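The values are calculated or read from the model by the stated rules, or taken from the named source; none is laboratory data. Here the structure is a predicted model, which means the values were calculated and not measured. We place every Cβ from the backbone using ideal geometry, glycine too, and count neighbours over all the protein chains shown.
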Amino acid sequence: MNEPLQALRGMEDILPPVSATWQHVENTLRGLLLDYGYQEIRVPVVERTELFKRSIGEVTDIVEKEMYTFDDRNGVSVTLRPEATAGIVRACMEHGLLRNQRQKFFSTGPMFRYEKPQKGRYRQFHQFDVEALGFAGPDIDAELLILLARLWRLLGISHVSLQINTLGTAETRQRYRAELSSFFRESFDLLDEDSRRRLDRNPLRILDSKNPDLAELIARAPQMTEYLDDASAAHFAGLRTLLDDAGVAHTVNPRLVRGLDYYGRTVFEWVTDRLGSQGAVCAGGRYDGLVSHLGGEATPAIGFAIGLERLVELYALAGQPAPTRAPDVYIVAAGEGTSRLAFRIAESLRNGVPPMRVEVHCGGGGFKSQMKRADRSGAQVAVILGEDEVAAGAAVLKPLRAGTEQQTVTVASLADAIRPYLAGLHTGPVIETVR
Ligand code: ATP
Ligand code: MG
C-alpha cells in the first residue's frame, strides 16, 4: 500500500480560519505601502543560483547551507529564492529601472530555506519585502522605520522593539574588519567551527553568531562606532533625529550586523520577546554596494523583509480576531424552480448600489439544514424561497441578527426591504484596506 501523501517537512498549509488572519495582515501591509507611495513588483520564485551566491555572499548561512539548489533539465543550476532582494535588484537592472531613477517597491511571496523546521522557522515561509532604490538617505531610512511603526499600530501589536546600527562605509568597515579579525584570532580556541571559518573571509558575521558560548567574547569585541567615518556618523545621526521627531523609539545595538561588503550604514531589526527564540520579525538595511557589485552603476538602496509567519503569530497573540467577511444575505431555496430564482435574485442584489454580499445555498437539503448554514454564515438576513414563493414572485425575508419577525415581500422590493438591516455595515466586493 502507498504511504498517505503528505506535505514536505517544514512546508505548511495555511488553512481557514488562519488564512483570514493572513489576508488581513497582508491587506493591511499592502494598503499601508500603497499609501506611502510604494508600488508592487513581482519577480520569479526561481532564479539562477549564481544570482544568490553573488548577491547574498558565499560566506553566509543562507548560501552555505540553506539553499534549495538543483539543476534544471538543461543542466542550469537554479535555486528557489531564499530572499527577495536579489531577484528585485536583478529585475531592476535587467529592465533599466535604476538609471537616474528612484524606485519604491514592495513584493510578497514564498521564500525557501533548508533549515531545521520548528515554531517560527519553516522551509517554505513568506515575506513581505520592501526596497527603495536610488535613495542615499537618511530620509528614506527613516521613512521605512516610521511606516513599520505605523504597521504595528495598525495591527495592534505592541511587543516589538527596534534596534538599529550603522556599518559605515566599505573603507571604515575594512579597517574595523582587520581589527575584529585580530581580536578574534587572539581567542581562536574559544571560537566554534562556523566562526573559525568566518575569521578570514567575514569576521563581522561572527558578531551575528547565535551560539550562546560566544556571547561573552562577542561582548568584549571592538565596536564599529570607534571606526566610523564622519559622513556615516552624520547619516546615522540624521536618521536618529527623524526617528525621534516621529516618536519612533529605538535602541542602538552595536552588535547588529549584516556581514556583507555591500551592506553598509543603516541596519535594523524589529524584535519581540513573544515568539520564543524566533524573535526577529523584520530585518533590513542599506545595501549601497550591491548594484555595482552585480555589475550595474552604483545605486544607493535600502530595504527590509518581514517574516509573515511570525507577524501573523504576533497578531494572533495580540488578541484581536481578524475581521471576518460574512455575507450580508444568505439565500435558502428548496423545491422546483427555486434555484433559478435564487441565482437571479443573488445576481441582482450583487449588482445593486451599493452592492450586497450574497451567498447562495448550494448542495440542496431541506429548509432546516439550510437555515442552519445561513445562521452559521454570519449573514444579517436570510432570503427563503420555496415553490409558493416562486409561483407568487415573492420571497420570505428573515432577519438573522435583529429580533424582528420574518416578512414576505415581492422580489422587486426585496433589495429595499433588506437594506435597513445592513445600515452601517460595509458592503461591496472590494478588498478594504484597514486604517
Ligand atoms: P533568523 O535570525 O531568525 O534566522 P534571518 O536573519 O535569517 O532570521 P532574514 O534573512 O533577515 O532573517 O529574513 C527576514 C525575516 O524573515 C526574519 O526576520 C524572519 O521574520 C523571517 N524568516 C527568516 N527565515 C525564516 C524561516 N526559516 N521561517 C520563517 N521565517 C523566517
Ligand atoms: Mg536565518
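Computed quantities for the displayed model
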| quantity | calculated |
| --- | --- |
| Hey, ALA234 exposed (fewer than 13 other Cβ atoms within 10 Å of the Cβ) and more than 31 Å from the chain's Cα centre (by Cα) or not | yes |
| Only one of VAL291, VAL267, VAL329 that is surrounded by 19 or more Cβ atoms within 10 Å (Cβ to Cβ), more than 16 Å from ligand 1 (Cβ to nearest atom) and over 30 Å from PRO399 (Cβ atoms) | VAL291 |
| Residue within the stretch 50-64 that is modelled with pLDDT under 95, of a type in the set (D, E, K, R) and within 14 Å of ligand 1 (Cβ to nearest atom) present | yes |
| Inter-residue pairs, beta-carbon under 6 Å, first closer than 18 Å to LEU147 by Cα and in the stretch 270-294, second at pLDDT below 95 and near ligand 1 (Cβ under 9 Å from one of its atoms), 6+ apart | VAL271/GLY279; VAL271/ALA280; THR272/GLY279; GLY285/ARG258 |
| Qualifying residue in the stretch 163-183 (condition: within 26 Å of the chain's Cα centre (by Cα), modelled with pLDDT of 90 or more and surrounded by fewer than 21 Cβ atoms within 10 Å (Cβ to Cβ)) | yes |
| Test: residue in the stretch 75-87 that is crowded, with 22+ Cβ neighbours inside 10 Å, more than 16 Å from ligand 2 (Cβ to nearest atom), in contact (Cβ under 8 Å) with a residue 24 or more places away in the chain and among the aliphatic types (A, V, I, L, M) | no |
| Listing of helices (runs of 4 or more DSSP H) fully contained in the stretch 290-388 that carry 1 or more residues being under 30 Å from ARG102 (Cα atoms), within 30 Å of the chain's Cα centre (by Cα) and hydrophobic (A, V, I, L, M, F, W, C) | 290-293, 308-317 |
| Search result, residues across the stretch 18-65 that are β-branched (Val, Ile, Thr) and either without any contact (Cβ under 8 Å) to a residue 40 or more places away in the chain or more than 16 Å from ligand 2 (Cβ to nearest atom) (or both) | VAL18, THR21, VAL25, THR28, ILE41, VAL43, VAL45, VAL46, THR49, VAL63 |
| Selected residue (criterion: modelled with the lowest pLDDT) from residues of the stretch 112-145 that are more than 16 Å from ligand 1 (Cβ to nearest atom) and surrounded by fewer than 17 Cβ atoms within 10 Å (Cβ to Cβ) | ALA136 |
| In the stretch 31-48, residue surrounded by the most Cβ atoms within 10 Å (Cβ to Cβ) [restricted to those that are of a type outside the set (D, E, K, R) and assigned to a strand (DSSP E or B)] | VAL46 |
| Only listed residue being part of a helix (DSSP H, G or I) and out of contact with any Pro (no Cβ under 8 Å at 6 or more places or on another chain), chosen from ARG255, ARG198 | ARG198 |
| Looking only at the stretch 362-391, and only at residues there that are touching a strand residue (DSSP E or B) at 6+ places or on another chain (Cβ under 9 Å) and among the acidic types (Asp, Glu), the one that is surrounded by the most Cβ atoms within 10 Å (Cβ to Cβ) | GLU389 |
